[in-house]
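Encoded as structure tokens, the structure appears first; notes follow it.
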Amino acid sequence: MDALLAPDETPTVDIREGGGPFVVVCEHASNRLPRALGSLGLGLLELASHVAWDPGAADLAEGLARRLDAALVLQRYSRLAVDCNRDPALPDAFCTLSENTRVPGNVGLSDEQKASRIDALWAPFHAAIERLVEGRKARRRPTALITVHSFTPVYRGVARPWHVGIISTRERRFSDVVLAELRRDRALTVGDNQPYSAKDNVDYTIRRHGRDRGLPHVMIEVRNDLLVSENGVKEWVARLAGALEELVPAAGMTSPPIAPEQEAAAT
């Protein structure tokens, strides 16, 4: 099986270390497609829309990482190639219909074509998160997993009233506190497992790397029309960082820093 990405193409994952207790992940940070896949039969307007990525989510994730001194993991290819927030065994990992947009290049994929995308894009992304989180665990560094997404204000003709949604697994202790913190602002409409929930198969990353490791975790969805300007992104960075900073004691993330010699011994 030939490699999907040419040697001169953008690496799959952008990963940055941070000194704080948070790991911020953005699975849908880019609308880039591997050169070998062309445009998957879509036009430029479709590829620029929420069909191909989460507009504003990468800027929000990067802003949060800077504000919180958090580690950051960004996927650098479109979810249309393979959705890194899905189990690749599920049909919607290789989307053939996004809202009302058909994706011709994903119709009738062979097992070999799917495996090529998984090997080049999906597997390296999750391996990078795993290495980061396990490395922090080995160094006894308190860690909470935050995944950042955006959603379209209108979906299949139905307006969505929420400014932000908090998505959880069945382990809700951390997400419930995030939800309560954001709801203190009466001007906000905050969704609880809205506009998506685990029933929509959107909890893969927080379940695999958060819940299954016993780490505090939450998925945050911000409506993408609130992230179209630099000021809008800054406002949401400040709002979300303020809520998350309040949760450090509640999440049990107040362990004393590891001395350099201890950290070296653990690596």
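Dividing the Cα radius of gyration of the chain by its Kirkwood radius returns 0.96 for Rg/Rh.
Peptides 131-144, 152-165, ordered by how many other C-beta atoms sit within 10 Å of their residues on average, highest first, read 131-144, 152-165.
Based on protein heavy atoms only, region 4-95 ends up with 38 Å² per residue of surface accessible to a 1.4 Å probe. In a reduced charge model with +1 at each Lys and Arg Cβ and -1 at each Asp and Glu Cβ, the chain shows a dipole moment near 560 debye about its Cα centre. Highest average first, the peptides 61-69, 35-43 ordered by how many other beta carbon atoms sit within 10 Å of their residues are 61-69, 35-43. Our estimate of slack between Glu230 and Asp185, defined as 0.36 nm per intervening residue step minus the Cα-Cα distance, is 14.0 nm.
Computed in the context of the full set of protein chains, the accessible area of region 134-210 at 1.4 Å probe radius has 47% of its extent on carbon or sulfur.
Gyration tensor analysis over the Cα atoms of region 1-148 returns equivalent ellipsoid semi-axes of 28, 17, 13 Å (largest first, whole Å).
When peptides 213-219, 196-202 are ranked by their average number of other Cβ atoms within 10 Å per residue, the highest-first order is 213-219, 196-202.
Per-residue SASA remark: Arg16, around 90 Å² accessible (1.4 Å probe; ligands, DNA and RNA not included). Take the alpha-carbon centre of region 152-209, take the same for region 70-118, and report the distance between them in whole Å. Spelled out, the Cα-based centre of one part sits 22 Å from the other.
Look at the dipole of the chain built from charges on Cβ: of Gly191, Ala89, Ala128, the Cα furthest out on the positive end belongs to Gly191. Each of Asn31, Leu227, Ile118 was scored by the projection of its Cα onto the charge dipole of the chain, and the greatest displacement toward the positive side belongs to Leu227; charges sit on the C-beta of Lys, Arg, Asp and Glu.
The values are calculated or read from the model by the stated rules, or taken from the named source; none is laboratory data. The structure presented is a predicted model; accordingly, all values stated were derived computationally and were not measured. For neighbour counting, all protein chains shown are included, and Cβ atoms are generated from backbone atoms with ideal geometry for every residue, glycine included. In case anyone asks, the SASA skips ligands and DNA or RNA and just uses the protein heavy atoms, side chains included. Shrake-Rupley method; radii C 1.70, N 1.55, O 1.52, S 1.80 Å.
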